[in-house]
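Report on one structure; see the data block that follows.
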Amino acid sequence: MLTPVLETERLLLRPLKESDAEAIFRNWASDPEVAKYMSWSTHSGIEVTKEWLQSIQANIAAEDKYDWGFVRKSDNKLIGSGGIYFKEERGMFTVGYNLMRDCWNQGYTTEAVAKILEFAVKDLEQTRLFAYHAKENPNSGKVMEKLGFRYTKDTAYDSMDGKRHFEAKEYLYERTSKQVLL
């Protein structure tokens, strides 16, 4: 299934494209505060952002990876990105997200990820997803809890370049027939 366009009250979630490189680099990929707890490192130049976008484009029709750009409707500004990625070893999707610093603490992440969860449950018929965050980044855990994720265990992860190690908390989302999505 191609990554569909999703819509919330304030956001349009759409597939990322190579022409987004400048906005992504400027708005969050080059910001060390945004990258601080991410598995990816701060992009050193726009070429790194372009390479990342090319890898996303190469997987646009994959049924195990769905990436969206978060576009604020009020000004058509690309403010973040996120998605779900199937982890074979776990037998379920994991959720990931990031947002430009100027948009933190305004409910955008919760709004976007709620819509992504709705897509996973309704369109992909998933009943369980997991997510994790660095212990030093409790605000990410608050987003997960608002969306119905429940803490399951302590874990750890490394950055993709292997230079950083994070102690983390893992959460599980289990969809029940009685549960109502945001």
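Throughout, read-outs are computed from the coordinates displayed, never taken from laboratory work. Not measured: the values here are computed from a predicted model. Every residue, glycine as well, gets a Cβ built from its backbone with ideal geometry; the counts of neighbours run over all protein chains shown.
Brief remarks follow.
- Residues in the range 1-52 that are of a type in the set (S, T, N, Q), free of Cβ contacts under 8 Å to residues at least 60 places away in the same chain and surrounded by 12 or more Cβ atoms within 10 Å (Cβ to Cβ): 3 in all.
- Of residues in the range 110-139 being charged (D, E, K, R) and closer than 22 Å to residue 32 by Cβ, the one surrounded by the most Cβ atoms within 10 Å (Cβ to Cβ): 135
- Index of the failed condition, residue 85 passing every other in (1) more than 25 Å from residue 9 (Cα to Cα); (2) under 11 Å from the mean Cα position of the chain (by Cα): (1)
- Screening the candidates 153, 142, 169 for the property of being more than 21 Å from residue 3 (Cβ to Cβ), without any contact (Cβ under 8 Å) to a residue 40 or more places away in the chain and surrounded by 15 or more Cβ atoms within 10 Å (Cβ to Cβ) yields one hit, 169.
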